[in-house]
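S.K.: Starting off with a structure, shown below.
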Amino acid sequence: MRWAMVALAVLLGVLQVQLWLGPGSLPVVLELYASKREQRAQNEQAEARNDALAAEVEDLKEGVDALEERARAELGMIRQDETFYQVVEEED
């Protein structure tokens, strides 16, 4: 009977060591939960960015206004009936 108690105490000690220091230990699990929360936040940001890009692509496919705005801003294009004025600021 005494040997059984000693064996159970040793087994309990081994299980406690694994719980606190082993590969599936409590600190490792808590770190994984934190990593999971961080990854979800990154996924939400990427999803919002993807939604914005998809809306912009749809707008470029469907509407002329967005295409014209982009051509003016990025390429400096103007319409035929418009007059282009360039304002040059003098440096001191």
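S.K.: When you count, for each residue, the other Cβ atoms within 10 Å and take the mean per peptide, how do 4-10, 56-62 rank with the highest first? Write out the running numbers ahead of the final one.
M.R.: Values: 4-10: 9.6, 56-62: 11.6.
Top to bottom by mean Cβ count within 10 Å: 56-62, 4-10.
S.K.: According to a simple spin-label model (label point 7 Å from Cα along Cα-to-Cβ), what is the distance in nm between GLU47 and ALA71?
M.R.: Here the modelled spin labels are 3.7 nm apart.
S.K.: Work out, step by step, the length gained on full extension between ALA9 and ASP81: first 0.36 nm times the residue separation, then minus their alpha carbon distance; give nm to one decimal.
M.R.: Working: separation 72, 0.36 × 72 = 25.92 nm, distance 9.23 nm.
Residue separation times 0.36 nm, minus the Cα-Cα distance, leaves 16.7 nm.
S.K.: Calculated from DSSP H runs of 4 or more alone, at -39500 (n - 2.57) each and per residue, what is the 222 nm mean residue ellipticity of the chain, nearest 500? Working shown, then result.
M.R.: On the way: 3 runs with 69 residues, N = 92.
Per the formula, -26500 deg cm²/dmol.
S.K.: Just to check I understand the Karplus step: with θ = phi - 60° and J = 6.51 cos²θ - 1.76 cosθ + 1.60, what whole-Hz values come out for region 79-88, glycine and proline as x?
M.R.: Values, residue by residue: 7, 5, 8, 9, 10, 8, 10, 10, 9, 10 Hz.
S.K.: Something else about it: Classify region 19-92 as rounded, prolate or oblate from the Cα gyration tensor: take a ≥ b ≥ c as the square roots of its eigenvalues, call it rounded if a/c is under 1.5, otherwise prolate when a/b beats b/c and oblate if not.
M.R.: Details: a/c = 9.26, a/b = 2.66, b/c = 3.48.
Cα axes put region 19-92 in the oblate bin.
Bear in mind that the values in this text are calculations on the coordinates, not laboratory data. All figures in this text were calculated on a predicted structure; none of them were measured in a lab. Glycine also receives a Cβ, built like all others from the backbone with ideal geometry; neighbour counts cover every protein chain displayed.
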